[in-house]
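Participant: Structure in structure tokens, see below.
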Amino acid sequence: MFLVWRFTLPILRFFDASAELLSIGDCAMCVVSAGYIFTAYMLIAQSVCQALGNELYCLVVMLLRVVVVLLPLL
């Protein structure tokens, strides 16, 4: 996450981005990379629950994440 924040503009320039894309992409990449913290927590929590034998909890959390969070964003 911190690497993306630090090297956002060089990453975008690697793809020959225009000035407009650089301004939009800088903000967008910071927001997206901040979500990595929550994604990591969800993956760890689901793995722990699955290892402890709570597969139903993992399934419910995964479906809620997809239906409640991801689908409305599309």
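Participant: Quick one: length gained pulling V67 to A45 fully straight, 0.36 nm per residue minus the C-alpha distance?
Facilitator: 6.1 nm
Participant: Something else: Of all the accessible heavy-atom surface of the chain, with the other protein chains kept in place and a 1.4 Å probe, what percent is carbon and sulfur?
Facilitator: 75
Participant: Next question. State, to one decimal in nm, how far the label point of L9 lies from the label point of F38, with both points 7 Å from Cα in the Cβ direction.
Facilitator: Result: 2.8 nm between the two label points.
Participant: May I ask you to rank Y41, Y57 by accessible area, largest first, using a 1.4 Å probe over the protein chains only?
Facilitator: Reading off the accessible areas and sorting them downward yields Y41, Y57.
Participant: Relative contact order, percent, of the chain when contacts are C-alpha pairs under 8 Å separated by at least 6 residues?
Facilitator: 25
Participant: Pick the calculated Rg/Rh (Cα atoms, Kirkwood Rh) for this structure from (1) 1.03; (2) 0.95; (3) 1.15?
Facilitator: (3)
Participant: Right, another one. Convert each backbone phi in segment 40-57 into a coupling constant with the Karplus relation 6.51 cos²θ - 1.76 cosθ + 1.60 (shift: θ = phi - 60°), then list the ³J(HN,Hα) values in order as whole Hz, x for Gly and Pro.
Facilitator: Working through the residues one at a time gives 4, 4, 4, 5, 5, 4, 5, 5, 5, 4, 5, 5, 7, x, 9, 5, 5, 4 Hz.
Participant: Kindly report the accessible area of the chain per residue (heavy atoms of protein chains, probe 1.4 Å, no ligands, DNA or RNA), in Å².
Facilitator: For the chain, the per-residue accessible area is 81 Å².
The values are calculated or read from the model by the stated rules, or taken from the named source; none is laboratory data. All figures in this text were calculated on a predicted structure; none of them were measured in a lab. In this analysis, Cβ positions are derived from the backbone assuming ideal geometry, glycine residues included, and neighbour counts consider all displayed protein chains. Surface areas here come from the heavy atoms of the whole protein model, side chains and all, with no ligands, DNA or RNA. Shrake-Rupley method; radii C 1.70, N 1.55, O 1.52, S 1.80 Å.
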